[in-house]
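Just passing along the structure, written as structure tokens.
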Amino acid sequence: MDLNDTNGQESPSQTAGPYVHIGCTPNASGIKGVWAQDLGSAMVDKDTSGDRITIRGSVIDGTGAALTDTLVEIWQADAGGICGANDPRGPGDPHFSGFGRSAGDMETGEFRFDTIRPGPVPSRDGGLQAPHITFWIVARGINTGLHTRLYFPEDTAAHANDPILSRIEHRSRIPTLIAKSEGAGVYRFDIRLQGEDETIFFDI
Amino acid sequence: MKPGFIARNRDWQPPALTPRYKTSITRSPQRALLSFPTTLSEETGPVFGHDMLGPLDNDLIHNFAADGASAIGPRIIVHGHVRDQNGRGVPNALIEVWQANAGGRYRHRKEGYIAPLDPNFGGCGRTVTDENGRYEFRTIQPGAYPWPNGPNDWRPAHIHFSLFGGAFAQRLITQMYFQGDPLIPLCPILGSVGDPAAVNALVAPLDMAMTVPMDARAYRFDITLRGRRQTAFENRQEGL
């Protein structure tokens, strides 16, 4: 066995650990001056197309406690449904990054993203998926980053035809992927790692 | 549409629940994951350029240090090749790293280890792979440290790595370990990886060829990200 030989497999994942914020959001963790701005801290500017929205939520463990050491990332289409600079359907909104990263509030752990409502993205068969935002969650105690999606509560008709939601055998779990409206343009999306309402995580 | 990504090998990757690493007990999903072929949402991802980098971003010895000062500890260069499962170099992959100082202490408000902070060491760095998927950065070798898990658990010296390939499906966080560290076989976190060959994949060997005489030793750490399926004949399931 040669050291560092991955045998053509993906390198094994390891937990992000309790200090992920040092490397991924150093300014938020109190390490100032290495680079000016934390990556993913601003997704929009004043010229970004689309409806402004805010997403808030917590990542909750099996005891019901909100994690205060998590890092949450999101990736989404722009208002026209284009997914960034390497989308083969090319160029999207130059005023939208599509990528957000939140260290969470240092006391409560609540994450927050100020972004825009995404347009729909094609599915593999050329139809349209319901508008959604991809989430990726890492933390101490999570050995491999967890993928999931946020869908919007007002898109009921599109949900009925969404190829991913249609795959879910246990229909009672679908609400774990649907954000709750908290007023105009404000959504709450809590992510539960275990328990009755465990969020559906993806093997993609 | 291009073929989707090769499925993650869940026998090679650590499982979610690894009770020797106690925090995993309440943070591991218990239900089956939902499998589906990747879509454009997962096959795209943020794109990073070399223009985002400052001149010291990849130099942890100096990027937090006072002018003329440098971090304390054994000087090392870490370099390697980021490629996908098909062996192709991954260009423009953003690599973020973080680590403890030479005494095993992190610069973090929740860190309580008695080893002292180094005023000239922040512990974060980043770089972007070149057109062939190669990267390097300079740092000091981190120290081992104790952590509250079992009654007497010590982390082997390690550097945390976060990687973005071109697709969000390739997103990966892992840790690099050092050849010959006697704590490697004792570590409950590295032990979350079951296959001994997979553990070995995270251990970087000393690389004398890249070592700078009278300056810094070098370690080589290659990283493999997920690749796309290669067949031109893509199955399309009914209704998908």
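The values are calculated or read from the model by the stated rules, or taken from the named source; none is laboratory data. Treat the numbers as computed from the prediction; the structure is a model and nothing was measured. Counting neighbours? That spans all protein chains shown, and the Cβs are built from the backbone with ideal geometry, glycine included. The protein model used for the area step is the full one, side chains on, heavy atoms only, and it has no ligands, DNA or RNA in it. Shrake-Rupley method; radii C 1.70, N 1.55, O 1.52, S 1.80 Å.
When you look at A:GLY50, is it modelled with pLDDT of 95 or more and within 7 Å of chain B (Cβ to nearest Cβ), yes or no?
No.
Could you please give the count of residues in the range B:146-157 that are of a type in the set (D, E, K, R) and within 10 Å of another protein chain (Cβ to nearest Cβ)?
So the answer is 1.
Go through the range A:32-42 and report how many residues are facing chain B (nearest Cβ under 10 Å) and either of a type in the set (D, E, K, R) or in contact with a Phe, Trp or Tyr (Cβ under 9 Å, 6 or more places away or on another chain) (or both).
5
Does A:ILE55 meet the test of being open to solvent by less than 50 Å² (accessible area, probe 1.4 Å) and either among the hydroxyl-bearing types (Ser, Thr, Tyr) or away from every other protein chain (no Cβ under 12 Å) (or both)?
When the stated conditions are applied, A:ILE55 passes them.
Given A:ARG149, A:ARG167, which one is within 19 Å of B:GLY4 (Cα to Cα) and buried (at least 21 other Cβ atoms within 10 Å of the Cβ)?
Answer to the selection: A:ARG149.
Does A:SER13 satisfy the criteria of being within 7 Å of another protein chain (Cβ to nearest Cβ), hydroxyl-bearing (Ser, Thr, Tyr) and assigned to a loop (DSSP other than H, G, I, E, B)?
Here the answer is yes, as A:SER13 does meet what is asked.
Which numbered condition in (1) surrounded by fewer than 21 Cβ atoms within 10 Å (Cβ to Cβ); (2) within 28 Å of A:GLY17 (Cβ to Cβ); (3) more than 10 Å from chain B (Cβ to nearest Cβ) is the only one that A:GLY195 fails?
Result: A:GLY195 fails condition (3) only.
Would you point out which residue out of A:GLY33, A:GLY62 is touching a helix residue (DSSP H, G or I) at 6+ places or on another chain (Cβ under 8 Å), assigned to a loop (DSSP other than H, G, I, E, B) and either open to solvent by less than 50 Å² (accessible area, probe 1.4 Å) or not acidic (Asp, Glu) (or both)?
Going through A:GLY33, A:GLY62 in turn, just one is touching a helix residue (DSSP H, G or I) at 6+ places or on another chain (Cβ under 8 Å), assigned to a loop (DSSP other than H, G, I, E, B) and either open to solvent by less than 50 Å² (accessible area, probe 1.4 Å) or not acidic (Asp, Glu) (or both): A:GLY62.
Take A:THR68 and tell me if it is among the hydroxyl-bearing types (Ser, Thr, Tyr) and free of Cβ contacts under 8 Å to residues at least 60 places away in the same chain.
yes
Given B:THR38, B:THR129, which one is more than 12 Å from chain A (Cβ to nearest Cβ) and under 27 Å from B:GLY4 (Cα atoms)?
Checking each option against the conditions leaves just B:THR129.
Also: Condition (residue is modelled with pLDDT of 95 or more, farther than 23 Å from A:ASP203 by Cα, more than 9 Å from every other protein chain (Cβ to nearest Cβ) and open to solvent by 10 Å² or more (accessible area, probe 1.4 Å)) applied to the range B:158-172: is it met by at least one residue?
Within the range B:158-172, not a single residue is modelled with pLDDT of 95 or more, farther than 23 Å from A:ASP203 by Cα, more than 9 Å from every other protein chain (Cβ to nearest Cβ) and open to solvent by 10 Å² or more (accessible area, probe 1.4 Å).
Follow-up. Which one of the conditions (1) in contact with a Phe, Trp or Tyr (Cβ under 7 Å, 6 or more places away or on another chain); (2) over 25 Å from A:ILE142 (Cβ atoms); (3) at the interface with chain B (Cβ under 8 Å from one of its Cβ atoms); (4) not hydroxyl-bearing (Ser, Thr, Tyr) does A:GLY98 fail to meet, given that it meets all the rest?
It fails just one condition, (2).
Further question: Filter the range B:54-78 down to residues that are within 12 Å of chain A (Cβ to nearest Cβ) and closer than 22 Å to A:ASN4 by Cβ and give me whichever is surrounded by the fewest Cβ atoms within 10 Å (Cβ to Cβ).
Filtering first and then ranking leaves B:ASN58.
Checking B:PRO19 against (1) within 30 Å of A:GLU196 (Cβ to Cβ); (2) out of contact with any strand residue (DSSP E or B) (no Cβ under 9 Å at 6 or more places or on another chain); (3) assigned to a loop (DSSP other than H, G, I, E, B); (4) facing another protein chain (nearest Cβ under 8 Å), which test does it fail?
Unmet for B:PRO19, out of (1) within 30 Å of A:GLU196 (Cβ to Cβ); (2) out of contact with any strand residue (DSSP E or B) (no Cβ under 9 Å at 6 or more places or on another chain); (3) assigned to a loop (DSSP other than H, G, I, E, B); (4) facing another protein chain (nearest Cβ under 8 Å): (4).
If A:PRO26 meets every condition in (1) touching a residue at least 40 places away in the same chain (Cβ under 8 Å); (2) buried (at least 21 other Cβ atoms within 10 Å of the Cβ); (3) assigned to a loop (DSSP other than H, G, I, E, B); (4) at negative phi apart from one, which number is that one?
Exception for A:PRO26: condition (1).
Please go through the range B:5-19 and pick out each residue that is out of contact with any Lys or Arg (no Cβ under 6 Å at 6 or more places or on another chain), surrounded by 14 or more Cβ atoms within 10 Å (Cβ to Cβ) and in contact (Cβ under 8 Å) with a residue 60 or more places away in the chain.
B:ARG8, B:TRP12, B:GLN13, B:PRO14, B:PRO15, B:THR18
Of everything in the range A:20-54, what is β-branched (Val, Ile, Thr), touching a Ser or Thr at 6+ places or on another chain (Cβ under 7 Å) and more than 23 Å from B:ALA66 (Cβ to Cβ)? Give them in sequence order.
Passing the criteria: A:VAL44, A:ILE53.
Scan A:ARG112, A:ARG89, A:ARG124, A:ARG117 and give me the residue that is exposed (fewer than 15 other Cβ atoms within 10 Å of the Cβ) and more than 27 Å from B:VAL97 (Cα to Cα).
It is A:ARG89.
In the range B:199-206, is there at least one residue being free of Cβ contacts under 8 Å to residues at least 60 places away in the same chain, more than 7 Å from chain A (Cβ to nearest Cβ) and farther than 14 Å from A:GLN14 by Cα?
Looking through the range B:199-206, at least one residue is free of Cβ contacts under 8 Å to residues at least 60 places away in the same chain, more than 7 Å from chain A (Cβ to nearest Cβ) and farther than 14 Å from A:GLN14 by Cα.
Looking for something open to solvent by less than 10 Å² (accessible area, probe 1.4 Å) and outside any loop (DSSP other than H, G, I, E, B) - is there at least one such residue anywhere in the range B:36-47?
There is at least one residue in the range B:36-47 that is open to solvent by less than 10 Å² (accessible area, probe 1.4 Å) and outside any loop (DSSP other than H, G, I, E, B).
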